[in-house]
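J.: I'd like to ask you about the structure that follows.
The values are calculated or read from the model by the stated rules, or taken from the named source; none is laboratory data. Remember, predicted model here, so these are calculated numbers, not experimental data. Positions of Cβ are generated from backbone atoms using ideal geometry, with glycine treated the same way; all protein chains shown enter the neighbour counts. The accessibility values were calculated without ligands, DNA or RNA, using every heavy atom of the protein model including side chains. Shrake-Rupley method; radii C 1.70, N 1.55, O 1.52, S 1.80 Å.
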Amino acid sequence: MHRRRFLRSAGATALALPAHAALASALARADAGAAVASAPATRAPFASPPPLAPIRASSDRIVALTVCLRPFRPQGPRIEAERVGRRTLIHCYGHGGSGWSLSWGSAARVLALARATGESRLAVVGCGAIGLTCALAAQRAGLRVRIYARELLPDAPSARATGVWSPASRICTSEHATPAFERDWQAMTRASFRSYQSLLGVPGAPVAWRDGYVLSDLPFDAPRAAHDDGEPEYPSLESRLVPDLGPRSTPVADGAHPFPVAHVRRYTQMVFNIAAYSRLLMDEFRLAGGEVVLHEFADAREFARLRERTVVNAAGHGARVLVGDASLVPVRGQIARLVPQPEVDYGLTWLGHNLAVVSRGDGLLVQAQAPGDYGSGDTAPDRAASEAAVARLASLYA
Ligand SMILES: Cc1cc2nc3c(=O)[nH]c(=O)nc-3n(C[C@H](O)[C@H](O)[C@H](O)COP(=O)(O)OP(=O)(O)OC[C@H]3O[C@@H](n4cnc5c(N)ncnc54)[C@H](O)[C@@H]3O)c2cc1C
């Protein structure tokens, strides 16, 4: 299996790879139990799962085509405080493909750094997933917070993300996954996961668990041809460090799914309905008295003019210019959104066919990677690439 490409795809992170071993041992335990406690002789069967609704995949149903740049740093996100004159500047940017997933855990670290200053007022520069979550966490802790940003959600780049639980997606390169990094990442991941559990079942379904299917022409453990997509090697942190977070994937037998492929596994993953979720966050911030100032900073020296003496830099990829961080690498991602189909309550990842689909309240997101995405700051949509991905999707329902 070409592990790197597989793990990177939107749905695949939910597979939690130790599933094979754990599943085998769980089945072994279940079999042993069944042998001891014999089942009742007759028992009505549970109803079989309802059939999966087909996706109406055609390019005329594309209602939005968006491009966003993942703010990736090979060494992982920068979360640290720096003294600049009379002010404390707390950096929190560079979350790659994991910003939504790690937002609450990152905000907890920022809050600890902000509290250490003893200041009761906080300025947050940036209003994407990271800035807004940091602002809310500080506000909930009793600080007076003002957000300064060029764009607010839903116009900030974070609004153009897929919106699945993917805390290890392009978060650092393998060579930078040191024990210290892994300890911090694990703490952030667990804190975020806990926070997201409190958003389940909330009206508007900002966060929900959804099933998905990984499709493959080859057996899952068969080697796959590696091809160079220009990306570095990323560590598989989830399966190693947090295998207990969330359900594991399970194989789906032939005849128990409608897909015209040889191998299928079902996973269950957390999905963020970003439109509903970001509106919820903005509303909470404003209702609690949070202030917002629309402003674009030319560089960090301008922070000296702010009233607040503690400033959080949550500018995402904007930090490359704002604080001159040349280690930030843009990783382009394009998504085509199809007309919502509420009856399609599952996602898809088709291995070897460069296709991932996520079903959200605002539509069906169809995603495919292009070879030059790593390092590309090109935000112009490539409609032909998305139409080709939609055609691949349609072939599953022919
Ligand atoms: C295609 C794609 C799919 C993704 N899918 C997922 C996913 O499923 N799950 C997940 O967890 N993550 C996902 N991500 C990653 C996630 O979207 C990012 O990690 C996250 O959006 C980063 O948030 P941010 O707040 O740091 O940056 P941004 O959203 O870029 O916010 C930066 C803020 O800073 C402001 N700003 C920047 N420069 C200045 C300036 N000079 N002056 C004033 N304001 C400024 C901006 O206006 C904005 O408000 C995906 C990313 C992409 C591209």
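J.: Every residue in the range 356-367 that is of a type outside the set (Val, Ile, Thr) and touching a Leu at 6+ places or on another chain (Cβ under 6 Å), please.
T.: Gly363, Leu364
J.: Go through (1) closer than 18 Å to Arg73 by Cα; (2) surrounded by fewer than 24 Cβ atoms within 10 Å (Cβ to Cβ); (3) touching a strand residue (DSSP E or B) at 6+ places or on another chain (Cβ under 8 Å) and name the single condition Ala177 misses.
T.: The single condition Ala177 does not satisfy is (3).
J.: Residue pairs, Cβ under 6 Å, 6 or more apart or interchain, first in the range 76-94 and open to solvent by 10 Å² or more (accessible area, probe 1.4 Å), second within 15 Å of the ligand (Cβ to nearest atom) and of a type in the set (D, E, K, R). List them.
T.: Listed pairs, sorted by first residue: Ile79/Arg109.
J.: For the range 140-165: of the residues being in contact with a Gly (Cβ under 6 Å, 6 or more places away or on another chain) and within 13 Å of Val292 (Cα to Cα), which is nearest to the ligand (Cβ to nearest atom)?
T.: The extreme case among them is Ala149.
J.: Right, something else. Name the residue, out of Pro258, Pro203, Pro247, that is within 19 Å of the chain's Cα centre (by Cα) and not in a helix (DSSP H, G or I).
T.: Unique residue meeting the criteria: Pro247.
J.: Looking only at the range 232-244, which residues are within 16 Å of the ligand (Cβ to nearest atom), open to solvent by 20 Å² or more (accessible area, probe 1.4 Å) and in a loop (DSSP other than H, G, I, E, B)?
T.: Tyr234
J.: Name the pairs whose Cβ atoms lie under 7 Å apart, with the first residue in the range 317-328 and open to solvent by less than 40 Å² (accessible area, probe 1.4 Å), the second of a type in the set (S, T, N, Q) and within 12 Å of the ligand (Cβ to nearest atom), and 6 or more positions between them or separate chains?
T.: Every condition considered, the pairs that remain are Ala319/Asn313; Leu322/Asn313.
J.: With the requirement that a residue be assigned to a loop (DSSP other than H, G, I, E, B) and surrounded by fewer than 24 Cβ atoms within 10 Å (Cβ to Cβ), what does the range 137-161 give you?
T.: Result: Ala141, Gly142, Leu143, Leu153, Pro154, Asp155, Ala156.
J.: Would you check if there is a residue in the range 269-289 being loosely packed, with under 14 Cβ neighbours inside 10 Å, small (Gly, Ala, Ser), on the phi < 0 side of the Ramachandran plot and in a helix (DSSP H, G or I)?
T.: no
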